[in-house]
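Scroll down for the structure; my scribbles are underneath it.
What follows draws every value from the coordinates through simple rules; no lab data is involved. Computed from a predicted structure; not experimentally measured. Glycine also receives a Cβ, built like all others from the backbone with ideal geometry; neighbour counts cover every protein chain displayed.
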Amino acid sequence: MSCARDIASNTRKVLKVSCVFASYMFLRNVVDTQSQGVPIVLTASAAYMSDFGLSPFRAFTGGFPTGIVPRRLLRKYWYPPVPNNGDGTAKYAPYGMRKIEAILVREFGAENVAVVHPDYLKEVVGPKTKVVGISSMEAAGIGFVSRTYTSFVGFGGEPVAAAEFRDLIGKPILRKWGAKIILGGSGAWQVHKAKLQRKYGIDCIVMGEGEKTALKIFRMALNGGELPRVVKTESPNPEEIPCIVHPSIFGNVEITRGCGRGCKFCSPTLRRSYSFPLEHILKEVKLNAKNGTKMIILASDDIFLYRSKGKFLPNREALVTLIKSIATVPEVEYIQPAHASLAPVVYDPEMIEEIGLILLEKANWVTNGTRHSSVEIGIETGSIRLMNEHMKGKMLPYKPKEWHDIVTEGIGIMNENRIWPLATLIIGLPGETEKDTIATLELLDKLRHSKVFYVPLLFTSEEDCMLREARHMDLKHLTPLQWELIATCWERNIKVFVSKGLQWKIRLAAMVAYALYYRWKHGKKVLQPIMKISGWNEDQAELRS
């Protein structure tokens with residue numbers, strides 16, 4: 001009897017050990033399989049793989065120098081990483097990357113494509129990884145925003161976006177298993193123009209829209225073929241552009257692509273212009289909303305081009321239907337149009353009244369206690385001569401000579417409907433003279449009571465625009481009038497968008513910064529602009545009066 005019990009006990013022990021061993025082998029095989037990596041990995045820099053707390057405005061700060069605030073704090077509080085799905089893959093990703101992902105998934109299967117934040121590359125990169133695709137926006141920090149505001153601050157090193165890209169491209173895991181590295185996205189041209197491709201070890205730079213060309217390049221990489229160093233893509237037909245299959249950062253959804261107005265400093269001018277079907281757009285909106293994206297950004301080079309009629313005339317019915325349809329999708333809390341032009345606003349003010357009510361209801365902006373919506377517009381210049389030379393289609397169906405009236409009336413209509421636009425101005429366009437700068441200052445004077453956030457930018461000759469050979473503008477070549485223009489913009493911004501209590505702190509900080517740094521960096525010529533920005537000139541004028 002005792003012998004039988006011993007045999008049974010030993011048998012149970014053997015079975016238990018066998019089960020433990022089998023479980024161990026199973027788990028080891030799973031871990032080994034995961035550590036083999038995914039054949040295609042898509043990623044971007046930490047600054048590009050964040051939703052900036054659902055603030056598109058904060059995303060502009062990628063152009064500020066790295067030395068102002070430690071990046072470890074920025075990564076934690078300013079551009080925290082997007083959440084992952086538990087397996088290292090990103091829950092949200094840049095919209096352009098999601099488009100490429102959709103094409104690759106359709107061709108190679110979802111199990112062979114992984115989209116990850118750079119912090120989780122080790123989770124998906126391994127011996128089986130054949131290609132790493134990197135999407136970029138400010139890869140070298142030489143775009144409009146980065147060049148301008150790194151220069152204005154004047155200290156602190158390179159732009160945050162460029163530093164984060166350099167950190168990403170320098171990660172040893174990218175090259176550990178011999179994977180090909182392909183760079184794309186709107187900032188790919190910067191690496192090419194700055195001649196950084198060899199230094200960064202990038203096998204292929206893809207410039208332009210990728211839907212038609214990317215598949216061919218990725219297939220070559222998977223098959224071990226030699227990749228071309230630079231590829232300028234062919235524009236896809238609308239039917240070749242798939243819907244995204246996973247949610248995008250900011251809930252980005254493309255409603256139109258291309259522009260056609262002919263501005264020489266802008267790349268969308270070179271792209272074919274078309275609108276996406278309402279069903280296509282709503283499918284992506286619902287995908288984002290279902291996956292917890294509170295905001296929907298209507299990605300477009302001009303929202304008023306949506307199914308527009310001839311000669312850039314807006315299609316009120318189609319646009320109103322689009323925005324109403326998006327607003328009724330459950331879980332959509334905020335709607336943010338990306339870009340708009342002013343001429344259609346003047347042409348059809350009733351359209352702005354209709355969409356303005358919806359945009360205000362779905363707005364994510366509150367300034368000094370006032371709720372409002374916003375959209376980016378391009379004023380660029382007040383010079384009719386420069387409008388004729390560089391952007392004569394910008395105000396169609398109107399004439400360049402009517403530009404001042406279009407800007408003032410258009411912004412007035414927007415403000416009446418609680419839309420406070422963000423407006424860019426370009427300083428130092430090729431051929432700009434003192435008379436041109438005066439004309440822009442005169443236009444700003446006409447807008448002195450308007451609610452506008454101005455973003456003055458130094459002219460930058462991007463590689464994928466018609467002015468690619470023109471010289472960049474820089475601070476040392478700014479005239480006193482151009483400094484005055486920049487100061488006027490930021491004086492208005494502080495007065496409208498900053499609380500009274502904080503304005504005093506800005507004034508004191510500005511004068512201290514001048515005394516300790518800017519006087520030695522830029523000379524006495526920046527004293528008057530700094531006094532104007534900080535509001536001291538206005539105080540003196542009030543005292544004199």
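Miscellaneous remarks
- Across the chain, the mean sequence separation of Cα contacts (distance under 8 Å, 6 or more residues apart), normalised by length, yields a relative contact order of 11 percent.
- Percent of C-alpha pairs per 10 Å bin, the range 252-497, short to long: 7, 31, 35, 21, 5, 0
- The alpha-carbon of residue 392 sits under 22 angstrom from the alpha-carbons of these lysines, leaving out residues fewer than 8 places away in its chain: 264, 309, 311, 401, 435, 446.
- The listed peptides 364-373, 396-405, ordered by packing as a protection proxy, come out as 396-405, 364-373 (highest mean of other Cβ atoms within 10 Å first).
- Within straight-line cross-link reach of residue 232, aspartates and glutamates at Cα separation under 18 Å, skipping those fewer than 8 residues along the same chain: 203, 209, 211, 240, 462, 463, 464, 469
- Counted charge near residue 444, where neighbours are those whose Cβ lies closer than 11 Å (Asp, Glu -1; Lys, Arg +1): -1
- Charge tally for residue 130 (other residues, Cβ to Cβ under 11 Å; Lys, Arg +1; Asp, Glu -1): +3.
- Under 5 Å, built H, 5+ apart or other chain: amide partners of residue 117: 90
- Our summary of shape: the Cα atoms of the range 135-246 have principal axis extents of 45, 36, 28 Å, ordered from largest down, in whole angstrom.
- Only helices reaching 24 angstrom along their own axis (Cα) with mean Kyte-Doolittle hydropathy no lower than -1.0 count here, and for the DSSP H runs of the chain these are 2-35, 480-497.
- Direction-averaged projected area, Cα convex hull, the chain: 32.1 nm², rounded to one decimal.
- Selection from 112, 494, 53, by position along the positive dipole direction of the chain (Cβ): 112
- Put a plus charge on the Cβ of each Lys and Arg, a minus charge on the Cβ of each Asp and Glu, and nothing anywhere else: the dipole of the range 203-291 about its Cα centre is then about 240 debye.
- Rounded to 5, percent antiparallel among DSSP beta bridges of the chain: 20
- Counting 0.36 nm for each residue step from residue 176 to residue 333 and taking away their Cα separation leaves a gain of 52.2 nm.
- Out-of-range pairs (alpha-carbon distance over 25 Å; input 193/476; 294/500; 76/495; 122/180): 294/500; 76/495
- Simple Cβ-charge dipole of the chain, Lys/Arg +1 and Asp/Glu -1, about Cα centre, in debye nearest 20: 1680
- In the structure shown, the pairs 91/324; 130/171; 99/290 are assessed against 23 Å; a Cα-Cα span above that value is assigned to 91/324.
- The tail of the calculated P(r) for the range 36-174, taken as Cα-Cα distances beyond 25 Å, holds 27 percent of the pairs.
- When its C-alpha radius of gyration is set against 2.2 N^0.38 Å (N residues), the range 223-284 gives a value of 1.42.
- Charged neighbours of residue 87, selected by a Cβ distance under 14 Å, balance to -1 (K, R count +1; D, E count -1).
- The Cα center of the range 337-397 and the Cα center of the range 474-508 differ in position by 22 Å.
- Charges were assigned to the Cβ only: +1 to each Lys and Arg, -1 to each Asp and Glu. The resulting dipole of the range 420-487 about its Cα centre is roughly 280 debye.
- Those residues of the range 399-435 whose amide nitrogen sits under 20 Å from the label point placed on residue 388, 7 Å along Cα→Cβ: 399-407, 428-435
- Here the range 233-290 and the range 159-199 have alpha carbon centers that stand 25 Å from each other.
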